[in-house]
1. Looking at (1) surrounded by 15 or more Cβ atoms within 10 Å (Cβ to Cβ); (2) in a helix (DSSP H, G or I), which is the only condition residue 174 fails?
2. Does the range 61-74 contain any residue that is touching a Lys or Arg at 6+ places or on another chain (Cβ under 8 Å), modelled with pLDDT of 90 or more and β-branched (Val, Ile, Thr)?
3. Only one residue in 139, 110, 128 is surrounded by 14 or more Cβ atoms within 10 Å (Cβ to Cβ), modelled with pLDDT under 85 and assigned by TED's automatic domain parsing to the domain that holds residue 179. Which one?
4. Which of the residues that make up the range 294-324 are within 15 Å of residue 337 (Cβ to Cβ) and aromatic (Phe, Trp, Tyr)?
5. Please work out which residue is nearest to residue 281 (Cα to Cα), limiting yourself to the range 211-231 and to residues that are touching an Asp or Glu at 6+ places or on another chain (Cβ under 7 Å) and not polar (S, T, N, Q).
6. If I filter the range 253-269 down to residues being in contact (Cβ under 8 Å) with a residue 12 or more places away in the chain and farther than 10 Å from residue 220 by Cα, which single residue comes out as surrounded by the most Cβ atoms within 10 Å (Cβ to Cβ)?
7. Considering only the range 270-293, state which residues are loosely packed, with under 13 Cβ neighbours inside 10 Å and not hydrophobic (A, V, I, L, M, F, W, C).
Amino acid sequence: MRNRPFPPVLIFPILMGAVLAFTAGCTVKAQETVNSTPALPVILGEIVPRRVESVLNQIGTLKARQEVMIRAEAEGVITQILFTEGKEVKKGGVLVQLDSTKIQSQIQNLTAKIEQLNVRLANKQKELERNKPLLKQNLVSSQQYDNLVAVINETQAEIGQAKADLALQQERLSDTTIRAPFDGITGARTIAVGDYIKSGDSLLPVLAMDPLEIQFLVPEKYIPAVQLGQTVQVMVDAYPERVFEGTIFFISPNVDTISRNIEIKAVLDNQERLLKPGMFARLSLVTDVRDNSLTVPTESIVIAEDETYIYVVDDQMTAHKVTVRLGQITREWTEILGTGLQPHTRVIVEGKYSAKEGVKVMESQKAEPPVEQP
């Protein structure tokens, strides 16, 4: 007796039943496998809201706000040097004295000449007053009278010239005493008593040490974040543990067309005289402040070729992968942007490379909270 084939109408239901039975069996086995997989031990941290400041770090050079090379305004031999190089001087203090003997002699001669001319002028003016009525009575000729007036005018002109010469010599005498133009520190000494100095010769530099200023450049995109009166923090290699504060007092009205930078100047208090003009300095400038920004431990961040992400853990201790954008980054914590996560959500700090979406985890040790940055 030959086997009769199944009718086609019966083959499809039989096959579907077999497939469904096989699928159900696999699902049960997979579920059993998942349920039997031990939870991944991890160290957890959490999302912490904090005040985050965006800081622009730049470099600059310290400069004296006032610095001048003292030059001679008169010529002569140096008779006294009254400053000590590298020491403070007060405004108006005498630095160098030039020989003024010849000038003083000329001043004495001019003073005596003016006195003589004044006596002569007084006598001639008295004589003129006496001749006025005589002229009306024709007892003095007009020529004599006019000659007397001419002598008076000439004498007055001589007095005027002598006074101008006297003022010039007094100014020259003043120029032989060289004074400090402002409070400051004297530079290196390159002159000696007995040197002959000509007008315009360099004598010594004087620098104002307090306050100092620092000049630096800022990219043009930060212009809206820079304001007059804003504080900058300044650090120098000589005092690595110290932070000096400066205040912005100048913002250039022009942007450099080549570098696309803008020049900024800040003034620094230097009462302790720790800072010196010419020092290289590093400075930081706050360009943005975000209150209650979300941050995670920096160790929880995973940076791959095509994305940056973290693993968060829900109340059922299930890990979920969340793509993040990074903001401010420090050694202890990192700002995350555009996630929609809530503060105090748990994140995987250690064990993140073994974690996968949906995996069960268990906390083996609680991570120390990130240190707050000053």
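The values are calculated or read from the model by the stated rules, or taken from the named source; none is laboratory data. Predicted model, so just to flag it, every value in this text is computed and none were measured. When we count neighbours, we look across all protein chains shown, and the Cβ atoms used for this are built from the backbone with ideal geometry, even at glycine.
1. (1)
2. No, because not a single residue in the range 61-74 is touching a Lys or Arg at 6+ places or on another chain (Cβ under 8 Å), modelled with pLDDT of 90 or more and β-branched (Val, Ile, Thr).
3. Details: 139 fails: surrounded by 14 or more Cβ atoms within 10 Å (Cβ to Cβ); 110 fails: modelled with pLDDT under 85.
From the options 139, 110, 128, the qualifying one is 128.
4. Once the filter is applied, which keeps residues that are within 15 Å of residue 337 (Cβ to Cβ) and aromatic (Phe, Trp, Tyr), the range 294-324 yields only 309.
5. Initial filter on the range 211-231 (touching an Asp or Glu at 6+ places or on another chain (Cβ under 7 Å)): 211, 215, 217, 225, 231.
With the extra rule that they be not polar (S, T, N, Q), the set shrinks to 211, 217, 225.
Numbers: 211: 16, 217: 13, 225: 21 Å.
This residue is 217.
6. Among those that are in contact (Cβ under 8 Å) with a residue 12 or more places away in the chain and farther than 10 Å from residue 220 by Cα, it is 264.
7. Across the range 270-293, the qualifying residues are 271, 272, 273, 278, 291, 292.
So that you can scan it fast, the table gives a plain yes or no per residue for (1) more than 30 Å from residue 220 (Cα to Cα); (2) of a type in the set (Lys, Arg); (3) touching a residue at least 60 places away in the same chain (Cβ under 8 Å); (4) loosely packed, with under 14 Cβ neighbours inside 10 Å:
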site	(1), (2), (3), (4)
56	no, no, yes, no
60	no, no, yes, no
69	yes, no, yes, yes
72	yes, no, yes, no
75	yes, no, yes, no
81	yes, no, yes, no
84	yes, no, yes, yes
90	yes, yes, yes, yes
96	yes, no, yes, no
